[in-house]
Amino acid sequence: METLLYNIRQCAICKAHLPLGPRPVVTANPESKIVIIGQAPGTKVHDSGIPWDDQSGKKLRQWLNVSDADFYNTKNFAIIPMGFCYPGKGKTGDLPPRKECAPEWHEQLLNKMPNVELVLLIGAYAQKYYLKDSFKKNLTETVGEYKMYLPSYFPMPHPSPINRFWRSKNPWFEELVVLDLQKIVKSIL
């Protein structure tokens, strides 16, 4: 695992497309129990090198009902974004994650984590990649049908402050789904 993580952190496959240059952000451990697959690091995470070290991460830890210490314990959580580096700024937020990372590195990482009990798929990019044909019409329908993907996957919206409008239109997520998520996470940890 250490060699693989070193190789990922040296990766420069899409260097020419990264406005801030490559700085892959990933954590994993052979004993990881839960894998978090999100989109890509933002500028704050790019600067710190610490995954989910921003407002989105605070909200995610609230949803999971875990402390920072538990969240950053790699024996609990592996953090494997769809794109390991900051992809750049778009018109309404960050650009989509680079498409090179997941096919190049995800399977290698997952193969080295035999104790994984749950994979959290945060956002449509991760859901479409992993759920393939079982991804519903959109993220809202996919998250609403989360039970059909258990026990392997748990699809979720991105906890970004930008998504506050989605959360206000879909209060059922935080009122019902998050409670199930917290129970599952607690039982695994």
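The C-beta contact set for segment 131-145 (first residue surrounded by 18 or more Cβ atoms within 10 Å (Cβ to Cβ), second residue part of a helix (DSSP H, G or I), distance under 6 angstrom, 6+ apart or interchain) comprises 135/127; 135/128; 135/142; 139/124; 142/127.
Scanning segment 144-189 for residues that are farther than 22 Å from residue 34 by Cα and of a type outside the set (A, V, I, L, M, F, W, C) yields 161, 163, 164, 167, 168, 169, 170, 171, 175.
With touching a His at 6+ places or on another chain (Cβ under 7 Å) and touching a residue at least 12 places away in the same chain (Cβ under 8 Å) as the only criterion, which of 37, 80, 50 stands out? Before the answer, list the steps.
Values: 37 fails: touching a His at 6+ places or on another chain (Cβ under 7 Å); 50 fails: touching a His at 6+ places or on another chain (Cβ under 7 Å).
Sole residue among the options that is touching a His at 6+ places or on another chain (Cβ under 7 Å) and touching a residue at least 12 places away in the same chain (Cβ under 8 Å): 80.
Given the structure, is residue 19 in contact with a Gly (Cβ under 7 Å, 6 or more places away or on another chain) and modelled with pLDDT under 95? In short, yes. Could you tell me which residue of segment 78-92 is surrounded by the fewest Cβ atoms within 10 Å (Cβ to Cβ), considering only residues that are assigned to a loop (DSSP other than H, G, I, E, B) and among the aliphatic types (A, V, I, L, M)? The residue in question is 82.
Looking at residue 148, is it closer than 20 Å to residue 54 by Cβ and either modelled with pLDDT of 95 or more or among the small types (Gly, Ala, Ser) (or both)? If you could, list the steps in order and put the result at the bottom.
On the way: closer than 20 Å to residue 54 by Cβ: no; either modelled with pLDDT of 95 or more or among the small types (Gly, Ala, Ser) (or both): yes.
No; evaluated as a whole, the condition is false for this residue.
Out of all the residues in segment 59-77, which are among the basic types (Lys, Arg), assigned to a helix (DSSP H, G or I) and either under 24 Å from residue 105 (Cα atoms) or in contact (Cβ under 8 Å) with a residue 12 or more places away in the chain (or both)? If you could, list the steps in order and put the result at the bottom.
Here is the first cut: in segment 59-77, the residues among the basic types (Lys, Arg) are 59, 61, 75.
Restricting the remaining residues to those that are assigned to a helix (DSSP H, G or I) gives 59, 61.
Matches in segment 59-77: 59 only.
Among the residues of segment 56-80, the ones that are within 15 Å of residue 30 (Cα to Cα) and of a type in the set (Gly, Ala, Ser) come to 1 in all. Residues in segment 163-189 that are surrounded by 13 or more Cβ atoms within 10 Å (Cβ to Cβ) and either of a type outside the set (A, V, I, L, M, F, W, C) or touching a Gly at 6+ places or on another chain (Cβ under 7 Å) (or both): 163, 167, 170, 174, 180, 182. Of all residues assigned to segment 19-26, none qualifies as being of a type outside the set (A, V, I, L, M, F, W, C), in contact with a helix residue (DSSP H, G or I) (Cβ under 9 Å, 6 or more places away or on another chain), surrounded by fewer than 20 Cβ atoms within 10 Å (Cβ to Cβ) and within 27 Å of residue 152 (Cα to Cα). Restricting attention to segment 4-24, does a residue exist that is closer than 30 Å to residue 179 by Cα, touching a residue at least 12 places away in the same chain (Cβ under 8 Å) and of a type in the set (A, V, I, L, M, F, W, C)? No, there is no match, as no residue in segment 4-24 is closer than 30 Å to residue 179 by Cα, touching a residue at least 12 places away in the same chain (Cβ under 8 Å) and of a type in the set (A, V, I, L, M, F, W, C).
Any idea how many residues of segment 139-157 are assigned to a loop (DSSP other than H, G, I, E, B) and either within 18 Å of the chain's Cα centre (by Cα) or more than 21 Å from residue 169 (Cα to Cα) (or both)?
So in segment 139-157, the residues assigned to a loop (DSSP other than H, G, I, E, B) come out as 145, 150-152, 157.
Checking the rest, the ones that are also either within 18 Å of the chain's Cα centre (by Cα) or more than 21 Å from residue 169 (Cα to Cα) (or both) come to 150-152, 157.
Number of matching residues: 4.
The set of residues in segment 93-103 that are in contact (Cβ under 8 Å) with a residue 40 or more places away in the chain and loosely packed, with under 15 Cβ neighbours inside 10 Å contains only 93.
The values are calculated or read from the model by the stated rules, or taken from the named source; none is laboratory data. Computed from a prediction, not measured in an experiment: that's the story for all the values here. Glycine gets a Cβ as well: all are built from the backbone with ideal geometry, and neighbour counts include every protein chain shown.
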